[in-house]
Structure formats: structure tokens, C-alpha cells
Amino acid sequence: MKPIKTLILLLISMSLCSSSIHAQEETDNPIFILVHGTFQWGGQWNLLKSDLVSKGYVVYNPTLTGLGEKNHLLSKETGISTHINDIVNLIEWNNLNNIILVAHSYGGPVISGVVDKIGNKIKHQVYIDCAPADHGENTLDVFGPEVARISMESSEKNGDGWLITADALREPIPTMSKHPLKSYLERVEIVNDIKTDGTIILATDAMSIFGYMRTTSAPKKAKARNWELITIEGPHTLQEQDPSMSEISKILVDIYKSI
């Protein structure tokens, strides 16, 4: 009887496994991955994430190496390639697909590098008050001369030559950490011609700092990619407060429904 019982149990197990795989295929809906900006951490997205999750969507909001709860990992070698690999590894180790990849600020150049590595998993790119990086560009190229000046001065005067202090580009809050200058200087390598749909959403406040990106870099890159360019009234951190957060959420849900 034992061999028969073993065979029956094996067949039941195989059937359940097959059903589980089939169910996963049937529910392989898009997911959101939210990539934070300079000085910040994954919790920067908590308000938007809570709104999306309450509507039934799956959302990941990782923290990049050296920032937030991972600030103990910060070193002089922490660069944008480190942060690109953070997101690539999150996606690959969790076997994620059909991704709506959303970035804020510094996260823009980061997700540009991610798409180059695993673009087959990305359905749509969204840039919140930032722009993509082209091959050979760094974060300072994307954001322009004023961000470059402020960042370099902060590093030289208060960051031991390798850190940008949390008060350099905006009013600091307790969750903001010093940011590695290398991640601003290291150039992004784009070697694969991967095209996805995309949306760039721009804010309106603090034009003295972000004006170059909003008036030059972002419009130019949106046009070259045939992406939608949207402007929302509000601060650089559109996703951190209403009413702009709700507008961002609606845009993301509309993108989800279009996939």
C-alpha cells in the first residue's frame, strides 16, 4: 500500500503545483516599483504607496544602498551603479515582471540604468520631477549647472569631499541622509536600445534649482522618446502631499489600466 499512497500523494502535489503556476500566470498583472530620490529612503513613498495598495495594487518601494535604514552601508564607493544594481537585484531575485517603474528626482538616472539591463521586464517608465539619463550622462548632466554647483560646494565644504549634505538642495527632514557624491558623478552606461512607454511628470516650485531639468532636459528627452510630458502644480516632492499625490496616483492607475 505504501508505494500506492506515495504515488497518489505525488500526483496530488504535482496537480496543486500546476494549478498554482497556472493561477500565477492568470494573475500576472502589472506591479509598481517606486525608486526614491537624493537623501531619501523607501519610506518617501509611503503616502502614495498606501493609496495604491488600498486600491488593490502591488507596490514595492525599496531603499537604495547607503540611505535610510541602509545608511550603515554607505561608503565612498557607493555610486549610481550600486543603486542600479539594487533595483535590478530586487526585480530578478523576486522574479518580477510587467513592471511600472517609477522614479523621483535622482531616481530618474537610476531607473534609466535599470531599463538598460532588464528592459524586457519593464512595461512603462515614470519620471516624477526628473528625466532619464542618456548614455554617458551623469546625474549632474540631467539636472543641470545649478544642482551641480550646489552639490559640489556642499561636498567640498561640509561633506569631506565625498558626501552631499542633506540640507544642500531642499529643507531637510529627519528621514533624509547624506548622499554619496559618486552617485552624481558616475556616468550611466546605456548599451542596449530598449524602448518602452514612458511619462515625465514635472513640478513647478523651486525653479531656481530644478529649472534646467524642467525646461531643457526633460522636454528634450520626452520629445525624443515620444513620451507624454505632464506638469502638476506643486513642490519637487509631488508624491509626498496632497493634492499633488492624488494626481500622481490617478496618472499611475491610468497607466496600469492601459497595459
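Go over the candidates 230, 200 one by one and state the one that is surrounded by 22 or more Cβ atoms within 10 Å (Cβ to Cβ), of a type in the set (A, V, I, L, M), in contact (Cβ under 8 Å) with a residue 12 or more places away in the chain and outside any helix (DSSP H, G or I). Only one candidate qualifies: 200. In region 64-72, is there at least one residue being buried (at least 19 other Cβ atoms within 10 Å of the Cβ), assigned to a helix (DSSP H, G or I) and among the hydroxyl-bearing types (Ser, Thr, Tyr)? No, every residue in region 64-72 fails to be buried (at least 19 other Cβ atoms within 10 Å of the Cβ), assigned to a helix (DSSP H, G or I) and among the hydroxyl-bearing types (Ser, Thr, Tyr). In region 146-173, the residue that is nearest to residue 71 (Cα to Cα) out of those that are β-branched (Val, Ile, Thr) and in contact (Cβ under 8 Å) with a residue 40 or more places away in the chain is 164. Tell me, yes or no, whether region 236-258 has at least one residue that is in a loop (DSSP other than H, G, I, E, B), within 17 Å of the chain's Cα centre (by Cα) and modelled with pLDDT of 95 or more. Yes, the conditions are met somewhere in region 236-258. Taken over region 190-218, the residue count meeting the criterion of being of a type in the set (Gly, Ala, Ser), out of contact with any Lys or Arg (no Cβ under 8 Å at 6 or more places or on another chain) and within 22 Å of residue 249 (Cα to Cα) is 1.
Every residue, every condition in (1) within 27 Å of residue 202 (Cβ to Cβ); (2) β-branched (Val, Ile, Thr); (3) surrounded by 15 or more Cβ atoms within 10 Å (Cβ to Cβ), yes or no:
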| position | (1), (2), (3) |
| --- | --- |
| 32 | yes, no, yes |
| 35 | yes, yes, yes |
| 38 | yes, yes, yes |
| 42 | yes, no, yes |
| 55 | yes, no, no |
| 61 | yes, no, yes |
| 89 | no, no, no |
| 95 | no, no, no |
| 106 | yes, no, yes |
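Could we say that residue 40 is of a type outside the set (A, V, I, L, M) and not in a loop (DSSP other than H, G, I, E, B) here? So residue 40 does not fit the description; no.
Applying the selection to region 233-259, what residues are of a type in the set (S, T, N, Q), surrounded by fewer than 20 Cβ atoms within 10 Å (Cβ to Cβ) and under 23 Å from residue 169 (Cβ atoms)? Of everything in region 233-259, just one residue is of a type in the set (S, T, N, Q), surrounded by fewer than 20 Cβ atoms within 10 Å (Cβ to Cβ) and under 23 Å from residue 169 (Cβ atoms), namely 241.
Residues being of a type in the set (Gly, Ala, Ser), crowded, with 17+ Cβ neighbours inside 10 Å and closer than 25 Å to residue 81 by Cα are represented in region 173-184 by at least one member. When you go through 136, 107, 113 one by one, which is the residue that is in contact (Cβ under 8 Å) with a residue 24 or more places away in the chain and out of contact with any helix residue (DSSP H, G or I) (no Cβ under 9 Å at 6 or more places or on another chain)? Going through 136, 107, 113 in turn, just one is in contact (Cβ under 8 Å) with a residue 24 or more places away in the chain and out of contact with any helix residue (DSSP H, G or I) (no Cβ under 9 Å at 6 or more places or on another chain): 136. May I ask you to list the residues in region 119-160 that are β-branched (Val, Ile, Thr), buried (at least 18 other Cβ atoms within 10 Å of the Cβ) and either under 11 Å from the mean Cα position of the chain (by Cα) or farther than 23 Å from residue 201 by Cα (or both)? The answer is 126, 128.
The values are calculated or read from the model by the stated rules, or taken from the named source; none is laboratory data. Fair warning: this is a prediction, and the values are worked out from it, not measured in the lab. Cβ sites come from the backbone with ideal geometry, for glycine too, and all protein chains shown count toward neighbours.
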